[in-house]
Amino acid sequence: MKRVMLLIGTHLAIMLVLGIVTTLTGANRFFTGAGLDLGKPLLFAAIMGFGGSFLSLWMSKEIAKWSTGARVIDAPRNSTEFWRVDTVRRFSAKAGLPMPALSATSWTRSCARATNSPMAPASAT
């Protein structure tokens, strides 16, 4: 719900800024002088912008999992996944936040090796 409210707030702020800019620059007089009503294109832009953004927000989590080949960690399969789940669980409890969904990919070990993370295997120094 927080994501949706931030999305709506951002879009309303953009529409407000567009309205202010057209008023300050005098563009609204140009449009009305040419017989165009600026409200209708702004309404159309708002509908298309909100629609596309909501669609993108709705699909983003599934697309991210699909594009990275990630699988959600329901139950840890090995010690690395157990460490990851336990660490996130402790941090989220300490912050008073709900436990987020965690996922694993086949390239996690490569990233750990590249960043010199504690998750990297001992041979990767």
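Okay, residues lined up against (1) surrounded by 12 or more Cβ atoms within 10 Å (Cβ to Cβ); (2) among the aliphatic types (A, V, I, L, M); (3) at pLDDT 80 or above:
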{"site": "Lys2", "(1), (2), (3)": "no, no, yes"}
{"site": "His11", "(1), (2), (3)": "yes, no, yes"}
{"site": "Thr25", "(1), (2), (3)": "no, no, yes"}
{"site": "Leu42", "(1), (2), (3)": "yes, yes, no"}
{"site": "Ser53", "(1), (2), (3)": "yes, no, yes"}
{"site": "Ser56", "(1), (2), (3)": "no, no, yes"}
{"site": "Ser60", "(1), (2), (3)": "no, no, yes"}
{"site": "Lys65", "(1), (2), (3)": "yes, no, yes"}
{"site": "Asp74", "(1), (2), (3)": "no, no, yes"}
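Filtering segment 55-88 to residues that are among the acidic types (Asp, Glu) and over 30 Å from Met5 (Cβ atoms) leaves Glu81, Asp86.
Scanning segment 1-34 for residues that are over 18 Å from Met48 (Cβ atoms) and either of a type in the set (A, V, I, L, M, F, W, C) or in contact with a Phe, Trp or Tyr (Cβ under 6 Å, 6 or more places away or on another chain) (or both) returns Met1, Met5, Leu6, Ile20, Val21, Leu24, Ala27, Phe30, Phe31, Ala34.
The values are calculated or read from the model by the stated rules, or taken from the named source; none is laboratory data. A quick note: this is a predicted structure, and the numbers were derived from the prediction, not measured. Positions of Cβ are backbone-derived with ideal geometry, glycine not excepted, and every protein chain shown enters the neighbour counts.
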